[in-house]
Amino acid sequence: MASSADTTAPGGHEDGETRRDFLYLATAAFGAVGVGAAVWPLIDQMNPAADTLAAATTEVNLEPIQPGQRVTITWRGKPVFISRRTPEQIEAARQVQMSQLIDPQPDADRVKEGKAEWLVVVGICTHLGCIPLGQKAGEQLGEYKGWFCPCHGSHYDTSGRIRRGPAPLNLEVPEYSFLTDTQIRIG
């Protein structure tokens, strides 16, 4: 009759140990897969929805915009002002002394190199979020011929820089790139 001390298998391992190890590993693997399957939907729901991703960029055809004309498009729920500046407007923006600006920024830093006629800015006043006037014909442009915020009287120049009023910063220049000479992608 075999005693409990004689249960060693021919390989030197006890049968209970190898079966027990296998069961532990199998249970841990099954548990890890179960946790992953339970957690994945929680992580996946944090990804942006397809309609949000679609609104992340906007392409604009610049061809119909005439020199001196301004258009407004919507990007991420915000108005974006696109201005095709005349040579006179560009020159006026470049002649401004940095010491005269509340938020000093050269005109060249607000436009793409070689594309100075195109100014693209988010059309929200940096004071309290009003939408400045100056996009439509006949609207008040302000003292510097750019935009005028009717809420608290901020005046912006033709480069979208704050020149007078309570706004602390220039109009924001969104990330954009030229796809062709007449097509831009904002975002």
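Springs between Cα atoms under 10 Å define the GNM used for the chain, and in it the highest mean-square fluctuation of Leu25, Leu62, Leu119 occurs at Leu25. Taking a ≥ b ≥ c as the square roots of the eigenvalues of the Cα gyration tensor, region 75-139 is classed as prolate, since a/c reaches at least 1.5 and a/b is larger than b/c. Once the Cα-Cα distance is subtracted from the 0.36 nm per residue extended length, the Ala49 to Leu25 segment shows a gain of 4.8 nm.
A P(r) calculated from all alpha carbon pairs of region 42-103, with 5 Å bins opening at zero, reads 3, 13, 15, 14, 14, 13, 10, 7, 6, 4, 2, 0 percent. Across the chain, Cα-Cα distances exceeding 27 Å account for 49% of all pairs. When the Gaussian network model of the chain links Cα atoms closer than 10 Å, the mean-square fluctuations of Thr58, Thr18, Thr158 top out at Thr18.
Projected over every direction and averaged, the convex hull enclosing the alpha-carbon atoms of region 134-185 yields 4.5 nm².
We did not get these values from a lab; they are worked out from the coordinates using the rules stated. What you see is a predicted model, and the numbers here were worked out from it, not measured in a lab.
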